[in-house]
1. Consider residue 306 against the criteria (1) under 20 Å from the mean Cα position of the chain (by Cα); (2) in contact (Cβ under 8 Å) with a residue 40 or more places away in the chain; (3) crowded, with 16+ Cβ neighbours inside 10 Å: it satisfies all of them except one. Which criterion is unmet?
2. Would you be able to say whether some residue in region 122-129 is under 18 Å from residue 176 (Cα atoms) and in contact with a Phe, Trp or Tyr (Cβ under 9 Å, 6 or more places away or on another chain)?
3. Answer yes or no as to whether residue 276 is out of contact with any strand residue (DSSP E or B) (no Cβ under 8 Å at 6 or more places or on another chain), outside the structural domain of residue 339 (by TED's automatic domain parsing) and either under 26 Å from residue 378 (Cβ atoms) or of a type outside the set (Lys, Arg) (or both).
4. Of all residues in region 351-383 being modelled with pLDDT under 85 and aliphatic (A, V, I, L, M), which is farthest from residue 284 (Cα to Cα)?
5. Just give me the residues in region 234-247 being in contact with a Ser or Thr (Cβ under 9 Å, 6 or more places away or on another chain) and surrounded by 20 or more Cβ atoms within 10 Å (Cβ to Cβ), in sequence order.
6. Check off (1) surrounded by fewer than 22 Cβ atoms within 10 Å (Cβ to Cβ); (2) closer than 28 Å to residue 288 by Cβ; (3) touching a strand residue (DSSP E or B) at 6+ places or on another chain (Cβ under 8 Å) for residue 177 and give me the number that stays unchecked.
7. Can you name the number of the only condition in (1) more than 16 Å from residue 72 (Cα to Cα); (2) surrounded by fewer than 24 Cβ atoms within 10 Å (Cβ to Cβ) that residue 162 fails?
Amino acid sequence: MSNCADKGIKTRCVHAGRREGDVFGTMHDPIYMTSNYRLPSDGSPVDWAGIHTNIYARNGNVNQFSLQDKLAAIEGAEACVVMGSGVAALSGIFLTFLKSGDHVVCSQVCYSAVGIMFRTLLPNKFNIEASMIDSTDLEAVKAAIKPNTKLIHIETPGNPTTGISDIAAIAKLAKEAGALLSVDGTFASPLLQNPLALGADLSMHSMTKYINGHGDALGGCVLGKTALIDKIKEQAMVNFGGIISPFNAWLIGRGLITLPLRMRQHSQTAQQVAEFLEQSPAVRFVYYPGLKSHPQHEVAKRQMNGGYSGMISFDIKGGEAARMKFLNALKLISHAVSLGDAESLIVFPDSASPHKMQFYPEVFRQGYYRFSVGLEDAEDIIADLDQAFKACGLR
């Protein structure tokens, strides 16, 4: 029952990846907290940089192998690599498949570390050129492709705007250009979107977010064909040291079991909250892929499965002073970074963020909140928002 490829998605989340040969007959994989393993003493050759056997924990560990197998079964991928953080997974893709002189097309609305890598670090250090474009605009993607384009990297839904890029259409453009397509689907999770089935070469997630779901472990993953994933393991994991710890792999694997239940609840609650925000006179704008008013709602409806996740972007009337007063008035919703946790989390950009806003849709440039809707009752979340609006004199 370790693969479960022929089973339903909820069954795969529970059973895939389990090691059933434990000598004590445990129902759940134990945590293998060891940094090294016994080597063969019979003269058998040892692959010191091996990525598929137990030699040294930087080459891989048992809890990592179990988590990789579970994720690959869930997304229907040939192979998976899990790493120490979402950024480790992203840099693993970029540093493995790009070299000096290569060109990248990337979503201009993206996780901040990706923007730094492609706007500063990779061009300055390695002469890798990047075109940062609006990937929700298919013509913009097409126009940005050059003869030396080796990778198209898109983030959909985009962080923080929830913009939706058409994966299947961009995959076709990438294939025609002889480039790889990698998709960061962190906002959607593997349950609500399958980039590989839509033609992407690589699907990545920050497992810290929805996959883990409990706000207590860092991790990142990349999925795709074995030939591509093995290159990331050999270069980024072993030689750049992006390995995940056994404990974090175990925590994330445990969280992954309930992913179908959590994503269904996140999506249902976020839909109710987004509809409340859209009708509220206190709100300046709201973006949520499940709303018909979202600019790419039709693409999201075609591309996402079973819900639109728990991420909402919105802003209130009244400007900066009102925003801080609103945050301080919230009682149930926590003002904190990250997303995908059981608790509802909200954050708004501070004075250090305006340099990024120039890449966002116009409506975002006056300010916005990124709101990760948690697993609380929708009525309680709405009541908390409503009383905070009242405290600001906006209701």
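The values are calculated or read from the model by the stated rules, or taken from the named source; none is laboratory data. Not measured: the values here are computed from a predicted model. Counting neighbours? That spans all protein chains shown, and the Cβs are built from the backbone with ideal geometry, glycine included.
1. That leaves (3) as the condition not met.
2. Start the filter on region 122-129 by keeping residues that are under 18 Å from residue 176 (Cα atoms), which leaves none.
No: region 122-129 contains no residue that is under 18 Å from residue 176 (Cα atoms) and in contact with a Phe, Trp or Tyr (Cβ under 9 Å, 6 or more places away or on another chain).
3. Working: out of contact with any strand residue (DSSP E or B) (no Cβ under 8 Å at 6 or more places or on another chain): yes; outside the structural domain of residue 339 (by TED's automatic domain parsing): no; either under 26 Å from residue 378 (Cβ atoms) or of a type outside the set (Lys, Arg) (or both): yes.
It is false that residue 276 is out of contact with any strand residue (DSSP E or B) (no Cβ under 8 Å at 6 or more places or on another chain), outside the structural domain of residue 339 (by TED's automatic domain parsing) and either under 26 Å from residue 378 (Cβ atoms) or of a type outside the set (Lys, Arg) (or both).
4. At the first step, the residues of region 351-383 found to be modelled with pLDDT under 85 are 351-359.
Now drop any that are not aliphatic (A, V, I, L, M), which leaves 352, 357.
Details: 352: 22, 357: 17 Å.
Looking at the filtered set, the residue picked out is 352.
5. Step one: filter region 234-247 for residues in contact with a Ser or Thr (Cβ under 9 Å, 6 or more places away or on another chain), giving 234-236, 240, 242, 244, 246.
236, 242, 244, 246, listed by residue number.
6. (2)
7. Failed condition: (2).
Rundown of residues vs (1) crowded, with 22+ Cβ neighbours inside 10 Å; (2) closer than 16 Å to residue 233 by Cβ; (3) touching a Pro at 6+ places or on another chain (Cβ under 6 Å), yes/no style:
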position: 30; (1), (2), (3): no, no, no
position: 35; (1), (2), (3): no, no, no
position: 43; (1), (2), (3): no, no, no
position: 54; (1), (2), (3): no, yes, no
position: 75; (1), (2), (3): yes, no, yes
position: 78; (1), (2), (3): no, yes, no
position: 82; (1), (2), (3): yes, yes, no
position: 88; (1), (2), (3): yes, yes, no
position: 105; (1), (2), (3): yes, no, no
